[in-house]
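Visitor: The structure is given below, and queries will be raised subsequently.
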Amino acid sequence: MCDDMVVDGSISVDEWCDCFTFADDLRHEPPCHKARHDVDPHLLGVFLPRCDLEGFYKPEQCHDGNCWCVDRYGREFDKSRVQNTLPDCGQYASDLTEEDVAYLKARI
């Protein structure tokens, strides 16, 4: 279950630390980290949200050809869902890096 940042069959140092950061304090685990830890990342078709370094949701989320914009708690913005393209979450103060764009395009 800890192999969830990059699902590659091995646990990186970052995944190890992230997995056990809230092991004794689940009530205060950030919402995106909690969502990632509540599912088995090795199951086909499972949605793994994109999280920021603090454990909150990144604005752009994509899964199975659909993309949408969310707030930091994972709540989807109305009419932000698009198909087979990246959403314009800039109106919600999003700063996509080139790495983010490449990662999201691979998930479309």
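The values are calculated or read from the model by the stated rules, or taken from the named source; none is laboratory data. These numbers were taken from a predicted model, which means no experiment stands behind them. As a convention, Cβ positions derive from the backbone with ideal geometry for all residues, glycine included, and neighbour counts pool all protein chains shown. Calculation scope for accessible area: heavy atoms of the full protein, side chains included, ligands and nucleic acids excluded. Shrake-Rupley method; radii C 1.70, N 1.55, O 1.52, S 1.80 Å.
Visitor: Classify the range 62-108: rounded, prolate or oblate, from the alpha-carbon gyration tensor (a ≥ b ≥ c, eigenvalue square roots; a/c under 1.5 rounded; otherwise prolate if a/b is larger than b/c)?
Guide: Here the range 62-108 falls in the oblate category.
Visitor: Turning to a different aspect of this structure: FRET efficiency for HIS42 and PHE77, Cβ-Cβ distance as r, R0 = 35 Å, nearest 0.05?
Guide: Rounded to the nearest 0.05, the efficiency is 0.70.
Visitor: At 1.4 Å probe size, with the rest of the protein present, what percent of the exposed accessible area of the range 30-106 is carbon and sulfur atoms?
Guide: Taking all protein chains in place, the range 30-106 shows 50 percent carbon and sulfur surface.
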